[in-house]
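Novice: Just dropping this structure here.
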Amino acid sequence: MQQTALILGSSGRFGRASAEAFAAAGWQVRRFDRARDDLMQAARGADVIVNGWNPAYPDWATNVPHLTRQVIAAAKAHDATVIVPGNVYVYGDGSPQVFDLTTPHAATNPLGRIRIEMEQAYRASGVRTILLRAGDFIDTQASGNWFDLMMTPKIAQGRFTYPGRRDIPHAWAYLPDMARAAVMLAERRDTLNRYEEVGFPGYTLSGDEMAAALEQVTGRALRVKPLNWLPLRLAAPVWKMGRCLVEMRYLWNLPHRIGAVRFDALLPGFRHTPLDKALASALPQVALRPAPAAQPSRSTQISR
């Protein structure tokens with residue numbers, strides 16, 4: 001019997017990738033439209049609800065608790081499993097380098113506290129929940145994330161901007177891989193804990209390692225520039241988004257990676273996309289130098 005996934009936020013990053021991954025795996029996919037659909041009705045008959053809703057940072061305090069309550073109510077009413085893309089915001093400055101199930105959720109900043117409370121709500125609800133936690137996204141299209149908006153917009157001109165310390169590890173997740181893992185976990189949801197938190201290991205790269213990988217992919221030497229945070233700090237008092245970006249700056253100076261123990265136990269043999277292929281798919285074509293054209297053999301050369 002074909003299974004059904006209801007995708008919330010199907011035009012966003014994780015929602016879009018999940019809709020594609022569930023469809024590719026043979027699931028029936030329903031894309032929720034907030035302008036015309038009713039969530040309680042849309043969830044009828046759904047086996048899985050993918051919560052890809054992600055309001056803009058300044059709207060988190062108002063919208064995240066409300067949306068969380070809606071999703072929990074719909075999942076309870078229809079006995080559906082909720083899949084939530086978790087992030088690393090729950091971990092405070094000074095956390096140990098490996099983020100895993102034993103790492104305290106000790107963030108004290110506003111955005112971190114909102115995510116902590118959201119996760120607590122799912123855990124306390126009794127709804128079957130899979131929280132797949134990952135680092136920053138590498139997407140297959142420009143979607144306003146750190147990678148495409150801040151770091152690589154000038155890569156075709158040979159410039160790569162990095163927001164923090166270049167010598168420490170940082171967690172990254174290739175969205176198609178993360179979504180594919182979500183499908184695989186959904187397909188074995190009946191064997192998981194009622195609330196299952198799984199770290200998605202993805203790639204762990206320092207800023208210098210990311211720059212070197214991008215040089216290999218683009219075929220060009222890159223000038224690595226530090227992100228100038230001063231304009232964001234100056235704008236923060238009057239620009240809410242700027243204030244939120246500055247608030248999360250500490251993660252760029254905090255060495256971290258996602259622990260893989262639980263992920264490897266549940267999905268042994270999962271094959272991550274090679275880093276060079278992931279990066280190539282995330283960059284605009286103009287940034288990728290075409291391979292040199294093959295020279296014709298002597299037998300096919302046109303004589304003058």
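Read-outs: derived from the displayed coordinates by stated rules, not from any lab. Being a predicted model, the structure only gives us computed values, none of them experimental. Positions of Cβ are generated from backbone atoms using ideal geometry, with glycine treated the same way; all protein chains shown enter the neighbour counts.
Novice: Can you put Glu247, Glu20 in order, fewest other beta carbons within 10 Å first?
Specialist: Glu247, Glu20
Novice: A further question on this structure: If you line up the long axis of helix 13-24 against the longest principal axis of the chain, both from Cα atoms, how many degrees apart are they, to the nearest 10?
Specialist: Roughly 90 degrees between the two axes.
Novice: How far is helix 110-125 tilted, in degrees, relative to the longest principal axis of the Cα atoms in the chain, given as a value from 0 to 90 rounded to the nearest 10?
Specialist: 50
Novice: Using θ = phi - 60° and the Karplus relation 6.51 cos²θ - 1.76 cosθ + 1.60, list the HN-Hα couplings for region 255-270 in order, rounded to whole Hz, with x at every Gly or Pro.
Specialist: Result, ordered by residue: x, 7, 8, 8, x, 10, 4, 5, 4, 5, 5, 7, 10, x, x, 4 Hz.
Novice: Beta carbons within 10 angstrom, averaged per residue: use that to sort the peptides 50-62, 214-226, highest first.
Specialist: Highest mean packing first, the order is 50-62, 214-226.
Novice: How about Lys154: which lysines have a C-alpha closer than 20 Å to its C-alpha, ignoring those fewer than 8 places off in the same chain?
Specialist: Correct list for Lys154: Lys225, Lys277.
Novice: Skipping prolines and chain starts, which residues have an amide H placed within reach, meaning under 5 Å, of the one on Gly92, given they are 5 or more residues away or on another chain?
Specialist: Those qualifying (amide H under 5 Å, at least 5 residues apart or on another chain) are Ala106, Ala107.
Novice: Please label the shape of region 130-230 as rounded, prolate or oblate, based on the square roots a ≥ b ≥ c of the eigenvalues of the alpha-carbon gyration tensor (a/c under 1.5 means rounded; beyond that, a/b larger than b/c means prolate, else oblate).
Specialist: Taking the square roots of the gyration eigenvalues as a ≥ b ≥ c, region 130-230 is prolate.
Novice: Here's a follow-up. Positive end of the dipole of the chain, charges at C-beta (+1 Lys, Arg; -1 Asp, Glu), about the Cα centre: which of Gln216, Ala173, Gly92 has its Cα farthest in that direction?
Specialist: Final value for the positive-end residue is Gln216.
Novice: Within the set of other residues whose C-beta is less than 13 Å from the C-beta of Pro268, count the net charge using Lys and Arg as +1 and Asp and Glu as -1.
Specialist: Once positives and negatives cancel, what remains is +2.
Novice: Kindly identify region 210-272 as rounded, prolate or oblate by the Cα gyration tensor criterion: order the square roots of the eigenvalues as a ≥ b ≥ c, call it rounded if a/c is under 1.5, otherwise compare a/b with b/c, prolate if a/b is larger, else oblate.
Specialist: Taking the square roots of the gyration eigenvalues as a ≥ b ≥ c, region 210-272 is oblate.
Novice: Further, regarding this structure: As a footprinting exposure proxy, order Ser125, Ser18 by other Cβ within 10 Å, with the fewest listed first. Working shown, then result.
Specialist: Working: Ser125 19, Ser18 31.
Lowest to highest Cβ neighbour count: Ser125, Ser18.
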